Amino acid sequence: MPAESPLAADLDSILQQTGDLWEEFRGQRLFLTGGTGFFGCWLLESLLWANDRLNLGVGVTVLTRHPQAFHRKAPHLAGHPAVTLHPGDIADFAFPAGRFSHVIHAATEASARLNEENPLLMYDTVVAGTRRALDFTVHCGAVKFLLTSSGAVYGRQPPELTHVPEDYPGAPSPFDPRAAYHHGKRAAEMLCLFYSRQHRFAAKIARGFAFVGPYLPLDIHFAIGNFIRDGLRGGPILVNGDGSPLRSYLYGADLAVWLWTILLRGQSCRPYNVGSGETYSIRQVADLVADCFVGSMPVMVACNPVVGRQPERYVPSVDRVTQELAVAELVGLPEALRRTVQFHTRPKR
């Protein structure tokens with residue numbers, strides 16, 4: 001990657017934090033699903049940065065349904081000499097030839113619209129895709145597998161539980177059709193356990209919550225992405241609800257550090273929450289986004305909070321991953337937003 005990369009400072013920080021983790025990849029081949037999404041792009045950016053600076057000799061094969069679209073989106077990633085694009089769909093892709101040491105399954109259909117309109121397809125996509133990736137892990141002889149799961153596996157977080165831990169026994173209702181994605185991820189984690197025990201490879205599980213940073217889509221159901229989009233268009237920033245739900249956001253560079261550490265140092269079949277423990281209301285997030293832009297950008301909230309109703313929460317406890325794997329959140333939300341806006345407003349070459 002050229003030295004003038006807009007993410008150079010972030011990538012140098014990732015490399016500094018991950019230290020000797022990369023030696024495990026020296027001369028190895030990795031297989032990555034979901035390489036064109038938010039998780040995948042940050043994983044590729046950081047892997048290729050380390051590869052070029054440490055002369056690791058890594059090769060990474062990226063499964064994608066649309067190779068040409070990825071070339072247009074991120075030509076420096078898609079065209080990197082260490083990257084091979086493998087056309088196919090996660091549910092039935094043809095297995096590439098040869099052995100791979102690590103498989104990262106970051107592909108997921110997180111579309112809120114699909115979850116609402118065709119929950120059966122949503123469930124099948126998550127489960128069948130995970131099983132196909134696990135079958136390939138067995139086929140190619142990989143020793144480690146990483147599943148990017150979701151905090152959705154916990155179901156609705158009780159308002160009195162400020163931060164949900166990995167051992168929280170809650171679950172989504174089996175009679176809620178909107179929970180197809182949630183149940184799919186629960187089944188995906190169970191498949192990891194079955195395959196890991198039967199075929200004796202390490203299956204690592206990262207339960208993702210909410211994130212922000214370059215490569216985050218700005219035009220789907222992520223509120224923080226929509227706020228940034230509104231700001232880039234000159235405002236106003238629109239909050240569709242009452243702004244009371246509570247969220248937390250981990251920056252993409254911290255996400256990359258945590259995922260690589262879980263894959264290489266985490267315990268097999270021991271899930272780790274991945275997210276920030278710093279809580280903000282959606283209204284506060286909108287205000288922070290507004291502060292990233294010059295001038296007085298208005299924030300418009302669709303309705304007032306209901307008096308006496310406790311706000312809905314989606315915030316993880318990250319004690320397990322920070323204490324057991326010694327990772328930390330280095331970029332707080334205000335700075336993460338500033339960097340994200342700066343990425344989108346930089347002069348294009």
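The values are calculated or read from the model by the stated rules, or taken from the named source; none is laboratory data. Please read all numbers here as calculations on a predicted model, not as lab measurements. Every residue, glycine among them, receives a Cβ derived from its backbone with ideal geometry; neighbour counts consider all protein chains shown.
What helices (runs of 4 or more DSSP H), lying completely within the range 29-83, carry at least 3 residues that are of a type in the set (A, V, I, L, M)? Step through it out loud before you land on a result.
On the way: elements: 38-54, 67-73, 75-78.
Ranges flagged: 38-54.
Looking at the range 198-242 only, could you name the residues that are in a helix (DSSP H, G or I) and over 25 Å from Gly34 (Cα atoms)?
Within the range 198-242, the first condition is being in a helix (DSSP H, G or I), and the residues that meet it are 198-199, 223-232.
Listed by number, the residues that qualify are Gln198, Asp230, Gly231, Leu232.
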| task | Among the numbered conditions (1) under 24 Å from Val212 (Cα atoms); (2) more than 18 Å from the chain's Cα centre (by Cα), tell me where Gln28 comes up short. | result | (1)
| field | Residue list for the range 159-168, filter: at pLDDT 95 or above and not charged (D, E, K, R) | value | Leu161, Thr162, His163, Val164, Pro165, Tyr168
| Among the residues of the range 132-174, which ones are touching a helix residue (DSSP H, G or I) at 6+ places or on another chain (Cβ under 7 Å), among the charged types (D, E, K, R), over 15 Å from Met190 (Cα atoms) and assigned to a loop (DSSP other than H, G, I, E, B)? | none
| request: Mind listing whichever residues of the range 250-306 are part of a strand (DSSP E or B) and among the small types (Gly, Ala, Ser)? | output: Ser281
| Cβ-Cβ below 6 Å, separation at least six or inter-chain, first residue in the range 19-30 and among the charged types (D, E, K, R), second in a strand (DSSP E or B): which pairs? | Arg29/Gly59
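Across the range 299-314, what is the number of residues that are touching a Leu at 6+ places or on another chain (Cβ under 6 Å) and not basic (Lys, Arg)? So that I can check it myself, show each step before the final result.
Keep residues of the range 299-314 that are touching a Leu at 6+ places or on another chain (Cβ under 6 Å), which gives 300, 311, 313.
Then drop every residue that is not not basic (Lys, Arg), which leaves 300, 311.
Residues in the range 299-314 being touching a Leu at 6+ places or on another chain (Cβ under 6 Å) and not basic (Lys, Arg): 2 in total.
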| task | Considering only the range 47-77, state which residues are without any contact (Cβ under 8 Å) to a residue 12 or more places away in the chain and among the aliphatic types (A, V, I, L, M). | result | none
| task | Can you tell me which residue within the range 183-233, out of those that are of a type in the set (Ser, Thr, Tyr) and within 27 Å of Arg270 (Cα to Cα), is surrounded by the fewest Cβ atoms within 10 Å (Cβ to Cβ)? | result | Ser196
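Residue-wise test of (1) touching a residue at least 12 places away in the same chain (Cβ under 8 Å); (2) under 21 Å from the mean Cα position of the chain (by Cα).
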position: Tyr154; (1), (2): yes, yes
position: Pro174; (1), (2): no, no
position: Glu189; (1), (2): yes, yes
position: Ser196; (1), (2): yes, no
position: Ala202; (1), (2): yes, yes
position: Val212; (1), (2): yes, yes
| task | Please go through the range 255-283 and pick out each residue that is closer than 23 Å to Gln16 by Cα and among the hydroxyl-bearing types (Ser, Thr, Tyr). | result | Thr261, Tyr272, Ser276
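Taking the range 97-148 on its own, how many of its residues are polar (S, T, N, Q) and modelled with pLDDT under 95?
Final tally of qualifying residues: 5.
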| Restricting to the range 269-324, what's the tally of residues that are modelled with pLDDT under 95 and either in contact with a Phe, Trp or Tyr (Cβ under 9 Å, 6 or more places away or on another chain) or on the phi > 0 side of the Ramachandran plot (or both)? | 2
| task | Go through the range 42-68 and give me each residue that's within 20 Å of the chain's Cα centre (by Cα) and of a type in the set (A, V, I, L, M, F, W, C). | result | Trp42, Leu43, Leu44, Leu47, Leu48, Trp49, Ala50, Val60, Val62, Leu63
